[in-house]
Amino acid sequence: MFGSEETYKKAIAFLDGVGTLEDWGCGTCYASRFVKKARYVGLDIIDSKFNAVAVDLRHYRSKAQYILLRHVNDMEVLKCAVQSFRKKLCVVSYERDLDKQKFIKAIGSLVNVPYTEELVQTPDGAEVIYCLKRP
């Protein structure tokens, strides 16, 4: 697990629905334990026993209904996620990652969808949860 369990739960509570939920940069697929409705697919750049797909997310495009992006600092990956999600996108970042925060705030206008932002205090520092939903 990377980051707090609370932000995993909040992110999945927002995303979980009928369809495919892709966890971009899934690591050990910790988020999968909170998914109840969606078909969970873990994606990471490294092939491992945890993820379903090994892929370079900087060049990946998807038609997944739901995408989770936790603590992935690559702006190219974020751009691909924004272009790919069909219903909901949830991005979790540490508050101290200011450059990423500025970019995430800008994506609301990039995809022309509103977003919400929630700050969660954790033992490792504050995490920010950005939730985007297409109309």
Ascending count of other beta-carbon atoms within 10 Å, so fewest first, for ILE67, ILE45, ILE129: ILE45, ILE129, ILE67
Residue with peak Gaussian network fluctuation, the chain [Cα springs, cutoff 10 Å], from LYS49, LYS36, LYS63: LYS49
Pairwise label distance in nanometres, MET75 with LYS37, each label 7 Å out on the Cα-Cβ vector: 3.5
The chain: radius of gyration and largest Cα-Cα distance (Dmax), Å: 13.4, 37
Proxy reagent accessibility, fewest Cβ within 10 Å first, across VAL92, VAL72: VAL72, VAL92
C-alpha center-to-center spacing [the stretch 12-57, the stretch 112-135] in angstrom: 18
Extreme residue, positive dipole direction of the chain, given options VAL92, VAL120, HIS59 (C-beta unit charges): HIS59
In Hz, Karplus ³J(HN,Hα) per residue of the stretch 22-35 (6.51, -1.76, 1.60; θ = phi - 60°; x = Gly, Pro): 9, 9, 7, x, 5, x, 8, 6, 4, 4, 4, 5, 9, 7
Gaussian network model of the chain, springs between alpha carbon atoms under 10 Å - residue of LEU69, LEU89, LEU119 with greatest fluctuation: LEU119
Beta bridge orientation in the chain: antiparallel %, DSSP, nearest 5: 45
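A short reminder: the numbers here are calculations on the coordinates, not readings from a lab. Owing to the predicted nature of the structure, the values given are computational and were not obtained by experimental measurement. Using ideal geometry, Cβ is built from the backbone for each residue, glycine included, and neighbour counts are taken over all protein chains shown.
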